[in-house]
1. For the charge dipole of the stretch 273-350, defined by +1 on Lys and Arg C-beta atoms and -1 on Asp and Glu C-beta atoms about the Cα centroid, which residue among 325, 289, 335 has the Cα displaced farthest towards the positive pole?
2. Given a cut-off of 14 Å, what percent of all Cα-Cα pairs of the stretch 214-270 lie beyond it?
3. Rounded, prolate or oblate: which fits the stretch 203-338, taking a ≥ b ≥ c as square roots of the Cα gyration tensor eigenvalues, rounded meaning a/c under 1.5, else prolate when a/b beats b/c?
4. So how far apart, in nm, are the two label points at residue 223 and residue 293 if each is 7 Å from Cα heading toward Cβ?
5. Under 5 Å between amide H atoms, partner at least 5 residues away or on a different chain: which partners does residue 210 have, H built in plane at 1.01 Å?
6. Which one, 80, 198, 366, is farthest towards the positive end of the dipole of the chain when Lys and Arg carry +1 and Asp and Glu -1 on their Cβ?
7. As a check on your grasp of the helix formula, calculate [θ] at 222 nm for the chain: sum -39500 (n - 2.57) over DSSP H runs of n ≥ 4, divide by the residue count, round to the nearest 500.
8. With charges set only on the Cβ (+1 for Lys and Arg, -1 for Asp and Glu), what does the dipole of the stretch 147-207 come to about its Cα centre, in debye to the nearest 20?
Amino acid sequence: MSAPGPKLHSKLPQVETSIFTTMGKLAVKHKAINLSQGFPNFKPDPVLLDLVSRAMDDGYNQYAPMQGIFSLRETISEKIASLYGKRYHPESEITVTAGATQAIFTIITAFIRSGDEVIVFKPAYDCYEPAIQINGGVPVFQQLNDSDFRVDWEAFQQAISPKTKMVIINTPHNPSGTLLMAEDMLRLQEILKNTDIIVISDEVYEHIVFDGNTHESVAKYSDLASRSFICASFGKTFHATGWKMGYCAAPAALMVEFQRTHEFNVFCVNHPVQRALNQYLKTPEHYLGLNRFYQEKRDFFLEALRDSRFEPIPSKGTYFQLLDYSNITEESDIAFAKRLTIDHGVASIPISAFNVDGKDNKVLRFCFAKTKDTLERATAILCGI
Ligand SMILES: Cc1ncc(COP(=O)(O)O)c(C=O)c1O
């Protein structure tokens, strides 16, 4: 008999296998077309791949500086300034991170103490809540409107307490594909005035915005920017989610605290990829063309579903499309998503997994960051349901 090992007392007992893992495994087992997890099934630009190989050949294989290489921080600073009109100092206000997830985890770890409250809008991307809880914080959830996923700012104001330390916003929003508009940002800015609340602004889909809308970065709102971290992801922007590369930007006083934790968390991130990204970012078309690229995919996906019984909920950004299936069945979204995968061969994500108390509005999320062929095959199946 093997020794029993230490008695464990989980710090995150409520965390179970994520819905992404469950649906991903089910897709593999049943050889389903996987539109569940959010990643492209096509390669990054060969130019970028070449730049990474070259950086490795050129010998950039050892530790990078803790904050990221200076030239990349300068280029990021330039990019934010040209898009949103605010210049973050490359020396003291930008850190290159292992994807947005590490930036978000590190910000929460750097600032949240036991009992501090963090307001999170639901449905929400799944990395926020465990990061708050493992640091002893208390997530305070606010459900977005069912029909249009807008924020109820009155309710938000009510949710602020003397313990509120932080709020997390996400635009363009995963999973709904909605955007925070200028009026939302102004309202948030006004409500937070004269408070010490820090904002995490998850902007990983900043370059995937449709129909002529603009991305409302916190960088555009000076009061808001003075209390905010912007979190960005090169994985999302350059079809390379497996590289786990991103950055965050914030005023120097906030960034000092961030780096105190970052230094002893990862210290620094992938050096050759930083070299490559710095070169690649010098051509703005490499990221400015993304809106059109994904809008064409969204439109193709929606057009192919025109005669189906699914009802699309407008997607204004991200590479996700929500489909309401209440015309088809009364089944719970989890049961229907599983049946769709097992019996019909298309995997998606049930939205109740992201909602307060698992609220089920009969909506599934489909990722359209896929080749035309994959989208054609998936929509042909969905039209037959
Ligand atoms: C809203 C949101 N934030 C953050 C991330 C994570 O980004 P990264 O892969 O750069 O860690 C994702 C990935 O799906 C996301 O959808």
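1. Result: 289, furthest along the dipole toward the positive end.
2. On the way: 1019 of 1596 pairs.
I get 64 percent for the Cα pairs in the stretch 214-270 exceeding 14 Å.
3. Working: a/c = 2.04, a/b = 1.85, b/c = 1.11.
Prolate.
4. With each label placed 7 Å out from Cα toward Cβ, I get 3.8 nm.
5. Excluding prolines and chain starts, which carry no amide H, the hits are 317.
6. The one lying farthest along the dipole's positive direction is 366.
7. Details: 15 runs with 143 residues, N = 385.
Computed ellipticity for the chain at 222 nm equals -10500 deg cm²/dmol.
8. On the way: 5 positive and 10 negative charges, 54 e Å.
So the magnitude is around 260 debye.
The values are calculated or read from the model by the stated rules, or taken from the named source; none is laboratory data. Given the structure is predicted, the values throughout are model-derived calculations rather than measurements. A quick note on method: Cβ atoms are made from the backbone with ideal geometry, for glycine too, and the neighbour counts reach across all protein chains shown. With ligands, DNA and RNA removed, areas are computed over all heavy atoms of the protein, side chains included. Shrake-Rupley method; radii C 1.70, N 1.55, O 1.52, S 1.80 Å.
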